[in-house]
Amino acid sequence: MCGIIGYIGAIGTDSDDELDTDGGAAVSGAPTASVGDIVHEGLRNLEYRGYDSAGVAFVGPTDGLTVAKRSGKVDGLLVPDVPDATHGIGHTRWSTHGPPTDANAHPHTDCVGDVAIVHNGIVENHETLKRELSDHEFTSETDTEVIPHLLEEMLAEDTDADLLTAVQRVEDRLEGSYAICAVREADDRIVVARRGSPLVVGRGENASFVASDVTAFLEYTRDVTYLEDGDVAALEPDGVSVYHDGEPVERGVETVTWEADAAEKGGYDHYMRKEIHEQPESLRQTLAGRLDLDAGTVDLDVSFPPGYLADVEEIQVVACGTSNYAGRYAARLFEELSGVRATVEIASEYDVGAGRTPDRTLVVAVTQSGETADTLGAVRRANAAGARTVAVTNTLGSTVTREVNETAFIRAGPEIGVAATKTFASQVATLAMLAVAIGRERGALGAADARTVLQNLSGLPGAIQQVLDAEATVREAAKEYGDSEAFFFVGRDLGVPVALEGALKLKEISYDHAEGFAAGELKHGPLALVTPETPVLAVLTEGACADETMNNVTEAQTRGAPALGCVSSGREYDTLDAAFSVPDVGIVEPLVANVYFQLFAYHVANQKGRSIDKPRNLAKSVTVE
Ligand code: M6R
C-alpha cells in the first residue's frame with residue numbers, strides 16, 4: 001500500500017503578504033503553509049500506509065516541474081524549496097514492484113520531465129505496455145512508470161490535448177487497481193484517477209486536496225468527496241470537476257466528523273499505545289445508538305432487505321491477520337447466537353466450497369482498511385458464486401464497501417499503528433451485534449438471552465478501562481518475562497482466537513517468537529517446546545473453558561514454564577506466576593483479556609526499543625495478493 005497526496009491552493013497566503021524568506025507565504029497569526037509544507041505534512045500523516053520511500057513534485061511559474069524523491073522514511077526526504085509553487089503531489093511507498101531504491105520511489109516522470117505522477121496500486125498489464133513503449137527511456141523497475149510515458153505518448157499524438165484528456169485516455173489502457181495523481185509543467189491543475197484504490201478529495205476554501213486518506217489533509221478541510229471507481233477529476237484551487245466515462249458527474253460532499261487530534265499521538269509515545277488506550281471510547285462509538293437493551297435487539301444501520309438474514313443457511317467469514325481472528329471469535333458467536341453453521345477462512349484460501357447453497361450463504365468480509373487485496377479477492381469469488389456479501393470495516397468509502405451488498409461500520413476511528421488493536425475490539429463487538437441481529441431475525445435467540453449479550457457488550461468499555469488502569473502490572477510482567485526465548489499463548493473456545501491474536505501482536509512488534517494454540521493441543525506436540533524459558537500466557541475467563549485451560553497450563557508449568565493468566569473475577573488459580581483480573585462481562589471476557597495481551601506485547605517491544613508503530617517488513621494495509 002502507498003499513500004498519495006495532492007494539494008493546489010492558497011492556504012496561509014494572503015494577497016497583501018509577501019513571501020517570507022523561507023519560501024512560504026506568511027499570514028499574521030496563521031502558520032506558514034506553503035505547497036511544500038502541506039504536501040510534506042500530508043505525507044507524514046500518510047506514512048502508516050507505506051514507509052520505504054517518499055517523494056514530491058511541485059509545479060510553479062519560475063522553476064516549472066521540480067521532483068525530489070528517495071528511499072527511506074518521509075522525514076529523510078529533503079523537500080525542495082519552491083517558493084512560488086502553486087500545486088504539488090507527494091507519495092509514500094511500500095514496495096511491490098522493484099525494491100525500495102531512490103529510482104523506484106515516486107513521483108515518476110516521462111522522458112522529458114514534463115509530467116510527474118504518483119500512484120497507489122498495481123498496473124497489471126505494465127509489461128505489455130512497456131513493450132509498446134520501447135522507444136521511451138525507463139529509469140525504474142516499477143509498474144508505475146508506464147503511466148507517465150503513456151501520458152507523454154498521448155500528449156505528443158494530440159498536441160491540443162491537456163493533462164485531463166490525456167489521463168482519461170491513459171486510464172482506458174490500464175488494467176489493475178490504482179489511484180493516480182498527475183501534474184504537468186504546463187497545466188495549472190492536478191488530475192487524479194481512481195480505480196480500485198482509495199482516493200478522497202478535500203474541498204477547502206481556495207484550496208483543493210486529494211489523498212489516499214482524509215487524515216492527510218484533515219487539518220485544512222473536513223468537506224470531502226469520495227471518488228468512485230472509474231472517476232477522473234481535475235483539481236483547481238476554487239473547485240473540483242469530476243468525470244466518469246468522459247462525462248462530467250456530480251459527486252456528493254460529506255463532512256468528516258473525526259477530530260483532527262484523533263489522528264495524532266495525543267501525548268503517547270506510540271500510536272499503538274494510544275490506540276490501546278482509546279478502546280473504551282472507540283467501543284462506545286461502535287455501540288452508540290445500536291443497542292436496545294429492553295427489547296434485546298440491535299440496529300446496525302444496515303438496511304438488509306426483508307428476509308435477507310432469516311433464511312441464511314451458512315455464514316462464511318473471510319478475513320486476514322487480526323481481522324481473521326476477530327472473525328474466528330465471531331464464527332463461534334454466530335453459531336451460538338444465530339443458530340447458523342459458521343466457518344472462518346483465511347481470505348487468500350477462500351472458496352465458497354462444494355455442496356454449498358451460495359444464495360443462502362452469507363459471506364462476511366472483515367477488514368479494518370477495506371482495502372486488503374486478499375479479502376477483496378475472496379469477496380469477488382463469493383459474489384461470482386452468487387453468495388450474499390456483507391463487509392465489516394472501519395473505513396468509509398473503502399473498496400470493500402463498493403463490492404459487497406451491505407456494510408456494517410465498526411466506527412473505531414483512524415488506526416495508525418500497523419498493529420491492529422482497537423479495531424480488533426470494535427470488529428468483535430460489531431460482529432457480536434450482527435450475530436444477535438441474525439439470531440433475533442431467525443427466531444434462534446430469545447429476548448432474554450439477547451439482552452444478556454447486549455448487557456455484556458455495554459459493559460465492555462468499562463471493563464477494558466479497568467484493564468488499562470492496571471497497566472503497571474503488565475509492564476512489570478513484561479520486564480520480568482520479556483527476555484524469554486519464546487512465548488506461548490493458549491485458550492479454549494472464545495479464548496482460542498484471543499490466544500492467536502495475542503501471539504500475533506507480540507511477534508509483530510517485538511520480533512520475538514510467539515505462538516498461539518488451542519490449549520488442548522499443547523499436549524499433542526507443542527509441549528515439546530516448553531521450557532523454563534517459554535512463558536505460557538492463558539485466557540482463563542468465561543467463554544473460554546477456564547478450568548480445562550488451567551489444566552493444560554499446569555501441564556506446561558510442570559515442565560518448568562512460567563504461567564501468566566487473565567482470570568475472570570471470582571475465579572482463583574493460586575499456582576499462576578502472574579494473574580491479571582478480568583471484570584465480569586460474560587462472553588466478551590476473552591476480548592478484555594486480549595487487552596492485557598496487547599499491553600504485554602507493547603511493553604515487551606518497547607523495552608527492546610522496537611519500531612512499534614511501523615514494525616519491520618510490514619504495512620498497515622496489504623493491497624497486493
Ligand atoms: O485491513 P485489514 O483488517 O483487512 O488487514 C488485515 C491484516 O493485514 C491485519 O489485520 C494485520 O494482520 C495487522 N497488522 C495485525 O496487527
Scoring only Lys, Arg, Asp and Glu (+1, +1, -1, -1) among other residues with Cβ under 9 Å from the Cβ of Arg251 yields -3
Can you compute the modelled spin-label distance between Ser140 and Glu533, with each label point 7 Å from Cα toward Cβ, in nm?
4.4 nm
Tell me, what HN-Hα J-couplings in whole Hz come from the Karplus equation 6.51 cos²θ - 1.76 cosθ + 1.60 at θ = phi - 60° for each residue of the range 281-296, using x for Gly and Pro?
6, 5, 5, 4, 5, 4, 8, 3, x, 9, 10, 10, 5, 5, 7, x
Ranked highest first by average number of other Cβ atoms within 10 Å, how do 462-471, 156-165, 36-45 line up?
36-45, 462-471, 156-165
Estimate the FRET efficiency between Thr452 and Glu313 by the formula 1/(1 + (r/R0)^6), using the beta-carbon distance for r and 25 Å for R0, to the nearest 0.05.
0.45
For the chain, the percent of accessible surface on carbon and sulfur atoms (probe 1.4 angstrom, ligands and nucleic acids excluded) is 44 percent
Quick one: which of 362-368, 167-173, 132-138, 192-198 comes out on top by average Cβ neighbours within 10 Å, and what's the full order, highest first?
362-368, 192-198, 167-173, 132-138
Built amide H within the under 5 Å cut-off of Val363, gap 5+:
Gln316, Arg388, Thr389, Val390
The local net charge around Pro99, scoring Lys/Arg +1 and Asp/Glu -1 for residues other than Pro99 whose Cβ lies under 10 Å from its Cβ, equals -2
I need the phi-derived Karplus couplings for the range 446-461: 6.51 cos²θ - 1.76 cosθ + 1.60, θ = phi - 60°, integer Hz, Gly and Pro marked x.
x, 4, 5, 5, 4, 4, 4, 4, 5, 5, 4, 4, 5, x, 4, x
About the Cα centre, and with charges only on the beta carbon of Lys, Arg (+1) and Asp, Glu (-1), how big is the dipole of the chain? Nearest 20 debye, please.
2420 debye
Sequence-distant residues sharing a close amide H with Arg341 (under 5 Å, placed H):
Ile315
How large is the helix-only mean residue ellipticity at 222 nm for the chain, computed as the sum of -39500 (n - 2.57) over DSSP H runs with n ≥ 4, divided by its residue count, in deg cm²/dmol to the nearest 500?
-9500 deg cm²/dmol
For the range 310-325, in residue order, the Karplus 3J(HN,Hα) values (coefficients 6.51, -1.76, 1.60; θ = phi - 60°; whole Hz; Gly and Pro = x) are 5, 9, 5, 9, 8, 10, 10, 9, 10, 5, 10, x, 4, 5, 5, 5
Global geometry of the range 63-150, whether rounded, prolate or oblate, following the gyration tensor of its Cα atoms and the 1.5 cut on a/c:
oblate
How would you order 109-120, 604-615 from highest to lowest mean count of nearby Cβ atoms within 10 Å?
109-120, 604-615
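The values are calculated or read from the model by the stated rules, or taken from the named source; none is laboratory data. Keep in mind it's a predicted model, so treat the numbers as computed, not measured. FYI the Cβ positions are ideal-geometry reconstructions off the backbone, even for glycines, and counts take in every protein chain you see. Accessible surface is based on the protein model in full, side chains and every heavy atom, while ligands, DNA and RNA are left aside. Shrake-Rupley method; radii C 1.70, N 1.55, O 1.52, S 1.80 Å.
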